Amino acid sequence: MADAFTDKVFKGNQAAVCVTDRWLPEDLMMAIAKENNFSETAFTVKEGSHYHLRRFTPGGEIDLCGHATLATAFILLRFYEKEARSVVFDTLSGALTVTKEGEMLSMDFPAYALKQVPVTDAMAEALGVRPAEAYLGRDLVCVLENESQILSLNPDMEKVKALDGLLLQVTARAGGQQPYDCVSRSFAPKLNVTEDPVCGSGHCHIIPYWARALHQNELTARQASARGGILYCRMGKDRVTLAGKAALYSEGSLILEGV
């Protein structure tokens, strides 16, 4: 297990990484994800020169997940591909490359196209505050007025489930002289995850918004969950580069007696 988007254990976003020489049955992978009860458990198998990567929340498989991808690359480059500088994953979101850049790992991800949608009373009731703007990609992105609203947010999860989008991303511009450009939080009750501590795929929505709003392509983003995390981001034409660190928490074997 590794913590992603941090250089310290117990921070960032925790992911379980299962490296196997063949695929486990899908129902078993789902059971393992539920047993771990992290926001994501990753399963990877080497196929030729690439690794095939699948990522499961306790509520099902997901198409794109930044922290589990980062954690898996960290584990592979540390224990399995010690001489490599990068690893390529075949995923539901296409080929994803993770590259060593000094102490950080840099991921090349697809950016989600955002469509502006009306701010609704349902959004305000779910969040407890009325968003200034709202956008829809895979996830719903609600832009709030300031950072303090992000920090104090306590959404009604049952009402969040009724909103459009797979996850709910809330974001605001960083306040004062902070060493980051934007701040966000991520909620995924539809996937049986109340709050995702650091959401890489969420920033494939958030960074396209802030790159346009702030007229800059290099951004530092803070995820303001209880665990917290920092993402170093770069916006391309239709891709987002997300870079961060990772910390090893534990290593071991699965004991599946009676399966």
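For the reader, a short list of remarks on this structure follows.
- Among residues of the range 31-51 that are in contact (Cβ under 8 Å) with a residue 40 or more places away in the chain, those with a Cβ under 8 angstrom from a residue that is assigned to a helix (DSSP H, G or I) and among the polar types (S, T, N, Q), sequence gap 6+ or separate chain, pair up as T44/T72.
- Cβ separations smaller than 7 Å between residues 6+ apart or across chains give the following pairs from the range 230-259 residues that are closer than 14 Å to D7 by Cα to residues that are of a type outside the set (K, R) and modelled with pLDDT under 90: K245/E103.
- Test: residue in the range 167-177 that is within 27 Å of A247 (Cβ to Cβ), among the small types (G, A, S) and assigned by TED's automatic domain parsing to the domain that holds E218: yes
- Selection count, the range 171-202, where residues are closer than 21 Å to G59 by Cα and either buried (at least 16 other Cβ atoms within 10 Å of the Cβ) or in contact with a helix residue (DSSP H, G or I) (Cβ under 7 Å, 6 or more places away or on another chain) (or both): 17
- Number of the condition not met by L166 [criteria: (1) part of a loop (DSSP other than H, G, I, E, B); (2) in contact with a strand residue (DSSP E or B) (Cβ under 8 Å, 6 or more places away or on another chain); (3) surrounded by 20 or more Cβ atoms within 10 Å (Cβ to Cβ)]: (3)
- L28 being within 25 Å of Q223 (Cα to Cα) and not hydroxyl-bearing (S, T, Y): no
- Filter pass, D7 being within 23 Å of G258 (Cα to Cα), part of a loop (DSSP other than H, G, I, E, B) and either outside the structural domain of S225 (by TED's automatic domain parsing) or of a type in the set (F, W, Y) (or both): no
- Of the residues in the range 65-86, not one is under 25 Å from I230 (Cα atoms), charged (D, E, K, R), buried (at least 18 other Cβ atoms within 10 Å of the Cβ) and touching a residue at least 24 places away in the same chain (Cβ under 8 Å).
- Test: residue in the range 112-129 that is under 18 Å from A211 (Cβ atoms), among the polar types (S, T, N, Q), surrounded by fewer than 15 Cβ atoms within 10 Å (Cβ to Cβ) and without any contact (Cβ under 8 Å) to a residue 24 or more places away in the chain: yes
- Residue within the range 109-128 that is assigned to a strand (DSSP E or B) and of a type in the set (D, E, K, R) present: yes
This table checks each residue for (1) farther than 25 Å from Y232 by Cα; (2) surrounded by fewer than 22 Cβ atoms within 10 Å (Cβ to Cβ).
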| position | (1), (2) |
| --- | --- |
| M1 | no, yes |
| P25 | yes, yes |
| M29 | yes, yes |
| A42 | no, no |
| G48 | yes, yes |
| P58 | yes, yes |
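The values are calculated or read from the model by the stated rules, or taken from the named source; none is laboratory data. These numbers were taken from a predicted model, which means no experiment stands behind them. Positions of Cβ are backbone-derived with ideal geometry, glycine not excepted, and every protein chain shown enters the neighbour counts.
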